[in-house]
Structure formats: C-alpha cells, structure tokens
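Working notes, beginning with the structure itself.
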Amino acid sequence: MKQAFQSPSGILLALILAIAFIGPLLPLADPLAMDVAARFGGPSAAHPLGQDEYGRDLLSRLVHALRSAILISGGAAMISAVIGVSVGVVAGYVRGFSEALSMRVMDVILCFPPLLLAMLAATLYGAGPSTLVPVLALVFVPSFTRVAHASVMTVRGQDYVDATRLMGASATRIIFRTILPNIVGPLFVQFSFVVVMSVILESGLSFLGLGVLPPQPSLGMMIGTARSTFAQEPWLLLAPCLSLIVLVLVLNAFCDHLRQLFDPRRESGA
C-alpha cells in the first residue's frame, strides 16, 4: 500500500484526504453560519471562494462536504468489506450447502438496482448518514462476496494450502493465515471501487434530498440547491461539481493503479 500512495493518483488522494480531515481544524468560517445580508458575496480574505445564497462560506462547506462524502463512502465500504469477505471466504472454503445458500442470497440482492434500493431504504427509514451507511454497505456486500469467493476458489487447491491442511492446521488458521494474505490484492481493488461507487450514490441521494440532511453540507445537496441560482452565481454550482469530479477521477485513477499493482501478470512478467 505504501507503493500505491507514491503514485501520482495516490499523492493526489492523500492530499484530498488531508484537506478533508485537516481542513475542519483550520481557522475556516463556520459552514453553517448564515449572513443573509452578504448573500452571493464574492471572494474575500474571510471567504476565499465567496458565499452562497444564505451567506455561508463556500470553501468551508466544500471542505466539510468532502469530509462527509469520504466518511460515509469509506464507512460503507468497510462494513460491506467485512461482511462480504467473511461470507465469500467461508462459502468458498467450506463449499456445499452454505456456499449455495450464500451465493443465492447475494444474487437476490444483486437483482435490485443499487440506487433504487438506497432510495427505498432512505424513504422508509429516513434520510441521513445513519441510514446511508448501512444501506450503501448492504448494496455492495454481494460484490465483495463474489470477489472473495472467486479468489478463494482459485487458491484453495494450491499446494501451499494443501500442505498447511496436512500439517494439521485448523480451518480458521488456514483461512486467516494462508488464504486471506494471498487474496488481499483483489480485495483492495474492490474496496477502492466500492468507495468510488459509494461517493457517487451518496451524492445522487443527497441531490434528491434523501442523503445528508440540511443544513449539513453535502456535494450532491450543494449541486441541487445551486441549480436555482445558476444564472446569478454559476460558481455556486460549478464549485461542488468540480470537487465531485476531481474526487471521483482521483479515486478511479487510484483504483486503476491498485489493479495494476496487484496484477499477477505484473510479477510474472507476462
């Protein structure tokens, strides 16, 4: 992973993470503080990127929106990774009825489009991060399960796994000490991909009013509210759009770099 963050995409991602998590600690304006008298204010020393339709500091809101998007998408990806990898590894190693049942349940979840499933859950249980994180996690559990299951099926018949089994190692030890270290590459790639998709889904739900609730800032919500004032202040729409585009492009580039880094053909020279 250290080598991954030494690439241009890794450096840019580290910079974005630093801005998102260190930014709120800097002496920026309160992202929720309104100054209606100064609405649509231009750039100034106190407000480097100007102010929105309620006089709130745009830079501070962008930083907090980035932080919210990363926390929600990262949290959802971690939960789905833990559940999906656990199910996929056990199903691939144990086989039999547990494998058939687990994979069929994953197929049922995959039948539902992710956005519609997230919209349904947000409508039934209310919007907000407390609903978004588990819903996004559920949506992406099948993808982790399939990647983990396929990876285990590839390595479970290898000589080093058979040797460990013949030495009397328990199933738990074989899974955690022998199999998992050898399938971590595809799982890292899948994790980065899920983070990208979670960012897009979170922004789309917030745009529709089913994600992060106002007045807390969110890139999708900022894009949605800025549409009505685009003719007066196009920068209020362009700023969150550019922030979202840069975040997604950097995450995609990092995902591609991870895929190349963990590609088995890279080490074999093929």
* Here are some conditions: (1) closer than 20 Å to Val133 by Cα; (2) in contact (Cβ under 8 Å) with a residue 24 or more places away in the chain; (3) among the aromatic types (Phe, Trp, Tyr). Trp235 meets all but one. Which one does it not meet? -> (1)
* Asked: Before we move on, is Leu213 of a type in the set (A, V, I, L, M, F, W, C) and within 17 Å of Thr131 (Cα to Cα)?
  -> yes
* Pick from segment 53-77, criterion open to solvent by 10 Å² or more (accessible area, probe 1.4 Å) and outside any helix (DSSP H, G or I), ranking: nearest to Leu247 (Cα to Cα) -> Arg56
* Structure fact -> Wholly inside segment 156-237, helices (runs of 4 or more DSSP H) that include 3 or more residues that are within 19 Å of the chain's Cα centre (by Cα) and modelled with pLDDT of 90 or more are 180-207, 219-226
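The values are calculated or read from the model by the stated rules, or taken from the named source; none is laboratory data. Quick caveat, the model's predicted, so the values are computed rather than measured. Cβ sites come from the backbone with ideal geometry, for glycine too, and all protein chains shown count toward neighbours. Areas reflect the complete protein model, heavy atoms only, side chains present, ligands, DNA and RNA absent. Shrake-Rupley method; radii C 1.70, N 1.55, O 1.52, S 1.80 Å.
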